[in-house]
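Read-outs: derived from the displayed coordinates by stated rules, not from any lab. Just so we're clear, the structure is a prediction, and the values are computed from it rather than from any experiment. Neighbour counts are summed over all protein chains in view; Cβ atoms, including those assigned to glycine, are modelled from backbone coordinates with ideal geometry.
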């Protein structure tokens, strides 16, 4: 990134929102962003709180990821799901498919996609870890996804990102297809949206409708008004959207037959508790496959200092990790 660009971008307070050359880790990240042609996407991320990166995934990875997610979902519901023609009887509304990272090698490959990953690292640093990877698989009907901020209650948000999201579209996104909705600039609010700022059904808010526990057909017939200020993510398969952890986001319910399939990778800073259990010893072959890629071990929490038992902290491991970072930077 040129110094002209870096010096001219401000957060409104007169200070640069991009790191100075004295910060070697951030400079390394910025150099990678420039080399990948993502400077404009970085500015979008800073200004609106999210950035869409088109065409990240190859056709092969899209199809392999879709097939693996459908295998998991079909095992859960006990029958086949036709992604093109599924009805509410086949798969109603949204059901999150958990802990996918070890289900198929394609998920490990996607985790390491360089373009989304470097924007996540810009927000969280190179020592960030994967908190969870799953799929918000959505069939026709059900509820819209309430607008929210992931993982952070009011009073715990700051301008410094603690978490970041990357959402991959594996099928086309549109309002009728149950697309993701993001709210530009909402990262600066540093709070959760109120019920009045969320989905409404006439004079009733989302929570009031949920409490009613309506039968499926009645719930599917509810007409929803979207919250003000949101932008529907019209994405094509293979596109990725990365957002600051403070950004408000939600989703439309699906009005079309078939399923909307995504892959959601959720990251946090190294000191935070991950949603999924890291240090899972059941898949040694996966770690062996990536033994020569230090990014994978870092993202999977293998370098975390905290989390000891009676053996106490591993200071030698910490020293090795710190020495490695110094050499790389």
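Whole-percent P(r), the range 61-140, all Cα pairs, 5 Å bins from 0: 3, 13, 22, 20, 15, 12, 7, 5, 1. Ordering 135, 186, 58 by the number of other Cβ atoms within 10 Å of each residue's own Cβ, fewest first, gives 58, 186, 135. Taking the C-alpha atoms only, the angle from helix 315-328 to the longest principal axis of the chain is near 80 degrees.
State the three equivalent ellipsoid semi-axes of the range 161-200, derived from the C-alpha gyration tensor as the square roots of 5 times its eigenvalues, in descending order and whole Å.
Numbers: eigenvalues 99, 56, 11 Å².
For the range 161-200, the semi-axes come out at 22, 17, 8 Å.
Compute the FRET efficiency between residue 213 and residue 188 as 1/(1 + (r/R0)^6), taking r as their Cβ-Cβ distance and R0 = 41 Å, and round to the nearest 0.05.
Working: r = 36 Å, r/R0 = 0.88.
E between residue 213 and residue 188, to the nearest 0.05, is 0.70.
Estimated at 0.36 nm per residue, the fully extended path between residue 319 and residue 43 surpasses their Cα-Cα distance by 95.9 nm.
The alpha-carbon atoms of the range 97-231, seen along their principal axes, cover 46, 36, 23 angstrom, with the largest extent given first. Treating only the Cα positions of the range 107-169 as identical point scatterers, give the base-10 log of I(q)/I(0) from the Debye formula at each q in 0.15, 0.24 Å⁻¹. With one equal scatterer per Cα and no solvent, log10 I(q)/I(0) is -0.62, -1.19.
Report the extension gain between residue 25 and residue 159 in nm, rounded to one decimal, defined as 0.36 nm multiplied by the number of residues separating them, less their alpha carbon distance. Working shown, then result.
Numbers: separation 134, 0.36 × 134 = 48.24 nm, distance 1.92 nm.
Extending this stretch completely gives an extra 46.3 nm.
Measuring r between the beta carbons of residue 85 and residue 286 and using R0 = 45 Å, the FRET efficiency lands at 0.85. When the distances between all Cα atoms of the range 188-326 are binned every 10 Å from zero, what whole-number percent does each bin get? That works out to 8, 25, 26, 20, 16, 6, 0, in percent per bin.
Residues 129, 47, 211 in ascending order of nearby Cβ atoms (within 10 Å, fewest first): 211, 47, 129.
Starting from the alpha-carbon convex hull of the range 253-311, give the projected area averaged over all orientations, in nm². Numbers along the way, then the final one.
Values: hull surface 27.6 nm².
The number I arrive at for the range 253-311 is 6.9 nm².
All alpha carbon pair distances within the range 175-229 were sorted into 5 Å bins beginning at 0; the resulting P(r) in whole percents reads 4, 15, 24, 24, 19, 9, 4, 1. Taking label positions 7 Å along the Cα-Cβ direction at both residue 127 and residue 63, the computed distance is 4.3 nm, reported to one decimal.
Estimated from the Cβ-Cβ distance and a Förster radius of 35 angstrom, the FRET efficiency linking residue 176 and residue 109 is about 0.70. Label separation (residue 74 vs residue 231): 3.7 nm, computed from points 7 Å beyond Cα along the C-beta direction.
Determine, for 176, 113, 89, 223, the number of other Cβ atoms within 10 Å of each Cβ, and report the residues in order from fewest to most.
With the fewest neighbours first, 176, 113, 89, 223 line up as 223, 89, 176, 113.
Equivalent ellipsoid of the range 214-262: semi-axes from √(5λ) of the C-alpha gyration tensor, largest first, are 24, 17, 10 Å. For the chain, a Kirkwood hydrodynamic radius built from all Cα pairs, placed in the Stokes-Einstein relation at 25 °C and 0.890 mPa s, yields a translational diffusion coefficient of 116 µm²/s.
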